[in-house]
Each structure stands twice: as structure tokens, then as C-alpha cells.
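What follows is a short report on a single structure.
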Amino acid sequence: MNEVLTLLRPRLIAFLGHKRAAKERGRMMKAFLFGTVGGGFWVGIFLVFFRVLSYFQNVEGFGDILAEKLLSMVLVTFFSLLVFSGILTCLSKLYLSRDLALVHSFPVSHAKVFLARWVESTIDSSWMVLVYALPVFFSYGVVYQQGPFFYANVAMVLVPFCVVASGISVLLVMTAVVLLPASRIRSIFVSLGLLCFVALYVALRLLRPERLVDPDAFSSVVVYLQSLSTPSSPWLPSTWAFDSMRAALKGHHHSALFHNALAASGGASMVFIVTWLAGLVYFPGLSKAQTARVRMTSRGAADKRSGAKRPFGSFSGPVRAFLVKEIKTFFRDQTQWPQILLIAALIAIYLYNFKVLPLEKAPIKTVYLQNLFSFLNMGLAAFVLTAVAARFVFPAVSMEKEAVWIVLAAPVSVGTVLWIKFAIYLIPLLVLSEILVVATNFLLSVTPFMMWLSVTTVFCMVPGVIAMGIGLGAAYPDFQSENPAQSVTSFGGMLFMILCAGFIGGVIIIEAGPVYAVFMAGIRGQDLSAWEWMWLVGSFSLALVLCALAVILPMRFGTRHMLQR
Amino acid sequence: MIEVKGLTKRFGPICAVNHLDLTVARGEIFGFIGPNGAGKTTTIRMMGGIISPTAGSIRIDGIDMQREPQRAKRMIGFIPDRPFLYDKLTGMEFLRFTGDLYSVNGKDLHGRAVQLLRLFSLHEWGDELIESYSHGMKQRLIMAAALLHQPEVIIVDEPMVGLDPRGIKMVKDLFRDLADRGTSIFLSTHTLAVAQDICHRIGVIHKGSLIAMGTTKDLERAAHVEAQDLEAVFLRLTEEGDAR
């Protein structure tokens, strides 16, 4: 056991060292920003659940059933997140990390190396999910006026909950590594992406959340209640935690402890199964993953192929060089593919939500609601774009990794390189945003004015979001990271998200007043007054200036920071 | 061809390079040696335009690196000490990428790329992804890319790291040949035998300052060593530097 702890020590020392460094002034600022944003989310989650649970408590008859159903869904969601996060972390920690060669050269058994890595992986993949799960359980405790037993029970049951999730992840990863050819280890990411996409789609269809708020869809109240109180499968590990928490909420302490013990025995069994299987397949799998890659072509192919027609031939040399490089490296990096699939799933769900909006049942006039949603949808689409940009655009500069010397030594200005990256991401993301807006507008059957407004506003906002991604990504790059996509969780990434939210919110607020005036004038069949015209032109000009500044300032900021390196 | 004046680089309170003055003539091979952490790589990175100096200037054939970085960089073939490349490109694609960056004529590019891949024994690997290359192969590919645009100046950091004996001999012969044809080469190395073997002049950097410069004979005289052994000269000079 000592050897396992010794193997974990570098990570612990680095963590403590990071905490010491956090006392420096600049880092204090970052810690403050992270703390504020993180704390804000934490409080937000608590308040939302507190509000919802309080509302449920006022629903006589089946308020508790609704609260239990919600708890069950939350636990299933957290469990899925833990498994998915665990798969990515385990794959990286156990098979792809740069320090694996060093660690396995130590005079320590492979079993102990595996155990140390698995512990590290379990902590890494679980801590954030746990941190943001706590306000949910806390709100249950507060609303149901629970004492220390409930909180202690939650703390106890969450440990096996995380261990079982991480165990499932590592079992999946070890099996995949044994089954797949060594040269395609990274393709696991693709399989996982597809799996995640299918899981998301199935979960959405099976939940049919729209039916739960539409009692008309059920033949009777009894059927409606039955659909809500359907018990979860006892084979699902989240059910063990759910049963324990539900019993604790009802004050059945013995039952809560029984289910807690059941969860703990499940966790212990998982540790046994995982370590047993790891003894059989981990090291052979790792050795297989280390073997040489299969060659793609026959020998001497580079000699034979003459200069065939080259893509982007009409562009200047440096522009063509970066265009070809960016596109090829992006599509050959299999870790990017599942992310694209996830975005496709996100868009499908986004559009689906608009499709099932029960506008006709609302007490407010439908045409008003349709156009209100359309207006707000501009902001929502821009937020979706921000999320996509955070994953792809912000890390675009960090993706140069340690090969960034090539860019810096090249006879091309840093500014030019950043603008090329801007152009590369602008076109696909502009198309994506416009598709989102136009498709939702069609689903909402909005007025031509609202369609025109949405398309134009999004057209002007997208370059700003992209420029902020590239500019701030250049100002706060991480060229040493094994996975630059994670740089969005850094200080720069956080700053990008905050500034984008401010920018999008600013544009929407500036446009809201005059758009409302135009829309109401249309409904009433009146013309706009001179004052309203001035307001309209002034607001739209201001929004345009804001969009232009959002492009220019971050790009300059990023270029300046890159040059000052 | 290379003119460095008062070159200084500070990282916060640490002075990595302190007021460095040196020149490298056309066709000269200049060796830059020094202990670990002496400031060699920092100097080379400033000369390649990768980091900016805190003070001082670098001129490549009279072009100021600070004022006209693009023009100056166009004349340089830069070879770093660690071969970090774009793993998802093939060797041939990387050469095309470099050729485009340095505006090498499209018609000449393919032929020249194939020629260089052959020279560096990479022609069988030209269409393989760089991620499948060994360390030495990546180092050879970087050298091929640095020579693609026929630079007038080559700045190279630890050229022999990762190369096999045949590769080392080939690179030494290549550098001599390039220098004979007028290319100036500034190379930093820990391999003193290489420096002694191919460099016309050698500079010794220690704790960020240039402590000696000249031919091997000049350095022997400066270090009061008669063994005609650069290692003995190096040890004596850096010991004296430590004592100061």
C-alpha cells in the first residue's frame, strides 16, 4: 500500500505546490474569479432545486413522488456523467499519459501502478461532478428539514457511487483496449462519442419530459401517477444510492443504512472485479498500445507522387499553409470527432425543444410568444455558439502545442496567423448559428421582420464570439497541455465565457427596446414615430459598433500577448 | 551575416542572457557552447525571432529582427533542440506547409522536398503521419524543412541530439558543404567534438555572458591549456566563470 501512496505523492505535492503558488497576487485574482463563478453556479443550483422542491411540496398528493422522481433522474444523470468522465480520464491515465514509461520503469508491480492510477483517475473524474451534486442534496436536506443523519448518509453513499461509476469506466476501457488494434487505441474516443450520442438520444426519447407537464396525454390521473412513480431498475447502481437517500428523507434510518451498506458492498465488489481483471489484461493491453503504428502507405510513395493539384491554390503561401494544416490536423485528430457528434446531438435536442413547445396552450397570445421566443432565441443560439467556440475556437492557438515554435519562427506575423485561424472557424460556426436560428424561426413561424432581424444579428455577433475565442486563446494559451481542449477550464477560458455572455447580453438588451416598438407597431397596424425611428437606428448602430469592437479588441489583445512572450 | 549587439533577456529577476555581442560572417560556422542553463537556447530563440529580447539587437544580413521580423526570418532556417512538429501531418505535407510559409515556388517545391527527404533518408516515410516517426526521424525532418527555402543563415540548437552515427556524419558534412557555399551557421551544442570538428569559431557562454570567443587555438590560449582538447578548455573556462 505504501508503494501506491508513493506513486500518488507527486500528484499530491503538485497540488499542494499549486495551492502555495495560489498565494501570489496574480493567482489570487484567478482564484477569486474561479471561486466567484464556481460559487455562483453552486448557489444557483441550490436555489433552483430549493425552489422546485418547495413547489413540489405544495402539490398535494403527489408532491413527494415528483421530488423522488427528480432525485432518481438526477442520480441517473450524475451516474452517466461519472461513467463518461471516468472513461476519458481512465483512458488517458492508464494508457496515454506521457509519464507512463517512467512510472512502469519503477521497481513496483503493475498491479500497484494500476491501483495508483485508478485512484487518481477516480478522484479526477468525480470531484467536479460531486461538488456540483452537493447543492442538490443540500437542497433536499433543507426542504425536507433533515438532520445530520441525512448529510452523513449522503456522504457515505456517494463514495461507493463514484467507485462503481469509475469501475464501470475502467472495465469498459480495459476491454476496449484489448479488443481494438493497438494502432487504433485513440479511436476509442470515436466509439465513446457515438455511444454518448446514442445514450443521449435514447435518454431524451425515453424520458419524454414534455408528457410529464401535459396531463392530457394520459388517459387518467392514475396512469399519470403510475408513470411518475415507476421504480428504477434495482440493477442500476444509482438506484442503490437513490433508495438509501429516499429512506433517509423519510426518516427510515435502518432502511437507509441497509441500502447504504448495499451500495458499499457493490463498491467493494467492483474494486475486487476491477483489480482482478486488471491483473489479467492491464499490462498486456498497455504493451499492445505501445507497439509501433501501422504504416499507411507503400514505401516510397512520397517520391512517386508528383505535385498534384493543391487545395486553396488561389490563396497566398502562408494562408494556404495554415488553411491546409488546420483542416488536416483537425479532421485527423480522432479526439475531435466525438465532440462534433455531441454538438450534433446538442443541436438536435435544441431544435426538438422548440418543436415541442406547447405555445398553443399558453394563456398569452401565440403570435406574441412566437416572436418573443424568436428574439430570445438569438441570444440562446449565440450562447450555444459560445459553448461550441469554447471547445473548438478558444483552444485553437493552444492546439499548436509545443510546435508553436514553427509559427513563431515563420516569416509570417503572429497577427496574420491569428486572423487565418479566425477565418477558418468563422465560416463553419457562422453557418451553424444561422442554421440554428433559421430552423427555430421556421418551427416558431415568426414574422418576416423577426426572421430578418435574427439572421442579421447573429451574422454580426458570430465574428465577435470567434474573435474573442481566438484573441483570448492567444493571450492565455497552454502549449504544454496534453489536451488543449481542456484549456477552456483555465482562467482565460473562464474570461472568454464571461466576456461572451456580457457581449451577447449587451447586444440583446440594446436591441430589445426598439424591436419591441417595431413589433407592437406591426400588431397594432401603426407606423413608427420619428423618435422610435431614431431610437431604432441609434440602438442598431450601437449594437453594430459593439460587434465590431468585439472583433478588433480581442484580436489585438491576443496578438500583443503572443508578441510579448 | 549575423550581428548581435547588447543582447539581453530577463525573465523577471533572472538575467538569462546578459549583454551579448557577437558576429558571424558569411560562410562561417559558429559554435556556441556552455553549461546547462547558461543561456544558449534563450539566445538561439531570440535569434530565431521566437522570443523577443529585453534589450539589444539582432541583425540578419543587415535586417533588424525587431523591426522587420518577417524579412529577417525569411533568411533563416531554424532548427530547435526538441523536434516538436504537427503530428497529424505527413512528412511530405509538413514540407509543403513549410514551403508555403516561406513562399517557395510551387513548381520547385515538390522536387526539392523529395530531394531533401532522400538526403535525410526519409523518402520512404514521406507519406506517413509524423506521429509515427522516431525522435531522430523528426529531428531529420525539421532539418529538411529548415533547408527547403535555401536559407542564407541556419540557426540550430543541439543538431546531433537523437541522430545515429551515420546521421551525425551526414549532418556534419552537410553543414561544411553549406558553409563552403556561403551559408552562415550558428550552432549551439553540448557535443564538444562536433564543435571542435566543424566550427570555424566558438563562443563560450556561462551564466548568460560570453566569457570567451575565437578559434579553438584562441580558446586554448585564453584558458592556458595546451592539450588541444576543447573539453579541457571548456572545463577550465567555466570553472573560472564559476569562481568569478
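The values are calculated or read from the model by the stated rules, or taken from the named source; none is laboratory data. A quick note: this is a predicted structure, and the numbers were derived from the prediction, not measured. Cβ atoms come from the backbone with ideal geometry, glycine included; neighbour counts cover every protein chain shown.
Points to keep in mind about this one:
- Some residue of the range A:449-469 being assigned to a helix (DSSP H, G or I), modelled with pLDDT under 85 and surrounded by 21 or more Cβ atoms within 10 Å (Cβ to Cβ): yes
- The range B:59-76 residues that are within 10 Å of chain A (Cβ to nearest Cβ), paired with ones that are among the hydrophobic types (A, V, I, L, M, F, W, C) and assigned to a helix (DSSP H, G or I) (beta carbon under 7 Å, 6 or more apart): B:Lys73/A:Ala409
- Residue count for the range A:31-71, restricted to those that are surrounded by 11 or more Cβ atoms within 10 Å (Cβ to Cβ) and modelled with pLDDT under 75: 2
- Filtering the range A:517-535 to residues that are among the aliphatic types (A, V, I, L, M) and either outside any loop (DSSP other than H, G, I, E, B) or exposed (fewer than 14 other Cβ atoms within 10 Å of the Cβ) (or both) leaves A:Ala517, A:Val518, A:Met520, A:Ala521, A:Ile523, A:Ala530, A:Met534.
- Residue match in the range B:122-131 (condition: farther than 25 Å from B:Met75 by Cα and more than 10 Å from chain A (Cβ to nearest Cβ)): no
- Test for A:Ser433: is it in contact with a Gly (Cβ under 7 Å, 6 or more places away or on another chain) and either under 30 Å from A:Phe354 (Cα atoms) or surrounded by 17 or more Cβ atoms within 10 Å (Cβ to Cβ) (or both): no
- Residue identified as at pLDDT below 85 and either surrounded by 16 or more Cβ atoms within 10 Å (Cβ to Cβ) or among the aliphatic types (A, V, I, L, M) (or both) among A:Ser85, A:Ser126: A:Ser85
- Any hit, the range A:290-297, residues being at pLDDT below 70, surrounded by fewer than 17 Cβ atoms within 10 Å (Cβ to Cβ) and not in a loop (DSSP other than H, G, I, E, B): yes
- Checklist (1) within 7 Å of chain A (Cβ to nearest Cβ); (2) crowded, with 20+ Cβ neighbours inside 10 Å; (3) touching a His at 6+ places or on another chain (Cβ under 8 Å) applied to B:Pro83, failing item: (1)
- Any hit, the range A:399-418, residues being within 18 Å of A:Phe315 (Cα to Cα), in a helix (DSSP H, G or I) and away from every other protein chain (no Cβ under 14 Å): yes
- Residue check for B:Phe94: at the interface with chain A (Cβ under 10 Å from one of its Cβ atoms), out of contact with any strand residue (DSSP E or B) (no Cβ under 9 Å at 6 or more places or on another chain) and at pLDDT 90 or above: yes
- Flag for A:Lys23 being charged (D, E, K, R), more than 16 Å from A:Leu134 (Cα to Cα) and at pLDDT 75 or above: no
- Residues that are of a type in the set (A, V, I, L, M, F, W, C) and surrounded by fewer than 24 Cβ atoms within 10 Å (Cβ to Cβ) were ranked within the range B:45-57; the one that is nearest to the other protein chains (Cβ to nearest Cβ) is B:Ile50.
- None of A:Arg565, A:Arg524 is within 20 Å of A:Ala512 (Cβ to Cβ) and at pLDDT below 85 except A:Arg524.
- Looking across the range B:99-110 at every residue that is facing chain A (nearest Cβ under 8 Å) and part of a helix (DSSP H, G or I), the one that is modelled with the lowest pLDDT is identified as B:Gly106.
- Scanning the range B:134-148 for residues that are surrounded by 20 or more Cβ atoms within 10 Å (Cβ to Cβ) and facing chain A (nearest Cβ under 10 Å) yields B:Ile142, B:Ala145, B:Ala146.
- Total residues in the range A:158-185, condition at pLDDT 90 or above and among the β-branched types (Val, Ile, Thr): 5
- Summed over the range B:1-26, residues that are farther than 17 Å from B:Asp61 by Cβ, touching a Lys or Arg at 6+ places or on another chain (Cβ under 6 Å) and not acidic (Asp, Glu) total 2.
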